[in-house]
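Below is one structure, written out as structure tokens, with a few remarks after it.
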Amino acid sequence: MFRSIQQTMIISCVGTVLMMAGCSGMEPAPSGKSLYDRLGGRPVITGVTDQFVANVVNDTRINVRFATTDIQKMKGQLVDQVCMVTGGPCKYTGREMKPLHAGMKITDGDFGAFVGDLVAALDQFKVPAQAKNELLGLLGRMKKDIVE
């Protein structure tokens, strides 16, 4: 099925962050709980994702990139990605992220706006600081794979 560049960008930006969570050798928190559990499981991941996507869609700095995106489909894919790579029971079957970003001309400003929209959603859902910082740390490390 054909995906617009905008849809691919949003899915791949978040996917990059989340795929790295699964590949980074992260240790569980001292409590022994997975990041998935510490985030609040699928209900919180779904809520955060819904708010995050709403933030992006309403963000005049970057929303033009998502004008032709199938938002409902995107939300489902993002939830599956977050769920899977944080240790949950879901399965995401998307492509590798770095090649997906090639040629998209994503700027530092785009990346910063995207991260800001994610932070706002995490804060709205009162995601615990440690779990939020793990996700944000992963995103920061992946900037080189997203920004051209």
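Some observations on this one:
- Within region 113-148, being within 19 Å of Asp59 (Cβ to Cβ) and touching a His at 6+ places or on another chain (Cβ under 9 Å) holds for Ile146, Val147.
- Residue, nearest to the chain's Cα centre (by Cα), within region 101-112, restricted to residues that are buried (at least 18 other Cβ atoms within 10 Å of the Cβ) and part of a helix (DSSP H, G or I): Phe111
- Every residue from region 131-148 that is under 13 Å from the mean Cα position of the chain (by Cα) and not in a helix (DSSP H, G or I): Met142
- If only residues of region 45-100 that are of a type in the set (A, V, I, L, M, F, W, C), farther than 19 Å from Leu35 by Cα and assigned to a loop (DSSP other than H, G, I, E, B) are counted, the one that is modelled with the lowest pLDDT is Ala67.
- Beta carbons closer than 6 Å, at least 6 apart along the sequence or on distinct chains, pair a first residue in region 128-148 that is under 15 Å from Gly112 (Cβ atoms) with a second that is among the charged types (D, E, K, R) and assigned to a helix (DSSP H, G or I) for Val147/Asp108.
The values are calculated or read from the model by the stated rules, or taken from the named source; none is laboratory data. Since the model is a prediction, treat every value here as computed from it, not as a measurement. Note: ideal-geometry Cβ built from the backbone for every residue, glycine included; neighbour counts use all protein chains shown.
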